[in-house]
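This report concerns only the one structure given below.
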């Protein structure tokens, strides 16, 4: 009776150990374990000065030499798991609530998308309560009841037909494809 009980305990422990090993191996299967230094890959930066959206401005020709970026990106490349180019939905390794763009008033707050530390385009963090439309690129504040996004997702929207869509910049698509981040 003691031998049977000991054998059962050993088999149970072995089964539990195998489950732990399997869980450890499969855990974070989607997460990108590669570390990228700040300034590498696709990143989103807040600006030092709080630029708001202006209907009169042409944001397709921003002189990025005049826009000072904060030193640390609000979205690092290593936090980007995948980018769905059809919906421009980013699945990220952090909560979308942790992407803090300061002082987004009713006219939004500028952010800049960079690729390997080079500005590619700007957009605006847009408050969900704003009654002012944004006719450029924007990331709307997450609003779980309405947007249908998971906590680990954001969408970079584009709402104009007057200019080509800079979100589809070939340099960005090529880099994300090479790093296996395109969905």
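For residue 172, which of the numbered conditions (1) crowded, with 18+ Cβ neighbours inside 10 Å; (2) at pLDDT 90 or above; (3) in contact with a helix residue (DSSP H, G or I) (Cβ under 7 Å, 6 or more places away or on another chain) fails to hold?
If we test residue 172 against (1) crowded, with 18+ Cβ neighbours inside 10 Å; (2) at pLDDT 90 or above; (3) in contact with a helix residue (DSSP H, G or I) (Cβ under 7 Å, 6 or more places away or on another chain), just (3) comes out false.
Being part of a strand (DSSP E or B) and surrounded by 22 or more Cβ atoms within 10 Å (Cβ to Cβ) is the filter here; which residues of segment 98-108 pass it?
Passing the criteria: only 108.
For every residue, the table says whether it meets (1) outside any loop (DSSP other than H, G, I, E, B); (2) at pLDDT below 90; (3) assigned by TED's automatic domain parsing to the domain that holds residue 171; (4) surrounded by 10 or more Cβ atoms within 10 Å (Cβ to Cβ).
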{"position": "4", "(1), (2), (3), (4)": "yes, yes, no, no"}
{"position": "21", "(1), (2), (3), (4)": "yes, yes, no, yes"}
{"position": "50", "(1), (2), (3), (4)": "no, no, yes, yes"}
{"position": "81", "(1), (2), (3), (4)": "yes, no, yes, yes"}
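I need a count of the residues in segment 87-120 that are free of Cβ contacts under 8 Å to residues at least 12 places away in the same chain and more than 11 Å from the chain's Cα centre (by Cα).
Filtering segment 87-120 down to residues free of Cβ contacts under 8 Å to residues at least 12 places away in the same chain leaves 98, 118.
Retained after the next criterion (residues that are more than 11 Å from the chain's Cα centre (by Cα)): 118.
Within segment 87-120, residues that are free of Cβ contacts under 8 Å to residues at least 12 places away in the same chain and more than 11 Å from the chain's Cα centre (by Cα) number 1.
The values are calculated or read from the model by the stated rules, or taken from the named source; none is laboratory data. Keep in mind the model is a prediction, meaning the values are calculated, not measured. Counting neighbours? That spans all protein chains shown, and the Cβs are built from the backbone with ideal geometry, glycine included.
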